[in-house]
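The values are calculated or read from the model by the stated rules, or taken from the named source; none is laboratory data. The model shown is predicted, which means the values in this text are computed figures rather than measured ones. Reconstructed Cβ throughout: ideal geometry from the backbone, glycine too, with neighbour counts over all protein chains shown.
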Amino acid sequence: MQGAPSPRSRTMAGKKRTYTIILAEPIGAMPADTLHELRLTLKEIGEACDGIIATNPFWKSVAGSDLVLDVGPWRFVYAIEGGARTIIVKDCKRLR
């Protein structure tokens, strides 16, 4: 007789692989709270992308496109690589 699967195995079985966030641009002078907010926002963007099917026109639209995200006085340019499940921050600059 087999027992019920452990709560851990049920959680792991249904868990999707998250998007990897890559900071390609050095961000040494950035405040820690801005970096934290950036990571949280990009994580949410990756989670939203999980709900978009591969045949959706969204993926053609973002392929090779640069996207912009402003966090406080900082502007980040990033790209989403859906097939690789990667979000790459390509550039950042202080706006004010």
Check: Taking interchain pairs and intrachain pairs at least six residues apart, which have beta carbon atoms under 8 angstrom, with the first residue in segment 19-30 and in contact (Cβ under 8 Å) with a residue 12 or more places away in the chain and the second charged (D, E, K, R) and assigned to a loop (DSSP other than H, G, I, E, B)?
Finding: Y19/R85; T20/R85
Next item on the list: Look at I21 and say whether it is touching a Lys or Arg at 6+ places or on another chain (Cβ under 8 Å) and either in a helix (DSSP H, G or I) or hydrophobic (A, V, I, L, M, F, W, C) (or both).
Entry: yes
Notebook entry, point to check: Quick check: anything in segment 1-11 of a type outside the set (A, V, I, L, M, F, W, C) and modelled with pLDDT of 90 or more?
Noted result: no
Check: Of the residues that sit in segment 30-39 and are assigned to a helix (DSSP H, G or I) and not basic (K, R), which one is surrounded by the most Cβ atoms within 10 Å (Cβ to Cβ)?
Finding: L38
Item checked: Total residues in segment 74-91, condition under 20 Å from D33 (Cα atoms), without any contact (Cβ under 8 Å) to a residue 24 or more places away in the chain and not aliphatic (A, V, I, L, M) -> 1
Next item on the list: Using the structure shown, decide if I27 is assigned to a loop (DSSP other than H, G, I, E, B), surrounded by fewer than 16 Cβ atoms within 10 Å (Cβ to Cβ) and modelled with pLDDT of 90 or more.
Entry: no
Next item on the list: Name every residue in segment 40-96 that is charged (D, E, K, R), part of a loop (DSSP other than H, G, I, E, B) and surrounded by 14 or more Cβ atoms within 10 Å (Cβ to Cβ), in order of residue number.
Entry: R85
Next item on the list: Being closer than 23 Å to P26 by Cβ, of a type in the set (A, V, I, L, M) and touching a residue at least 24 places away in the same chain (Cβ under 8 Å) is the filter here, so list the residues in segment 43-73 that pass it.
Entry: I45, L69, V71
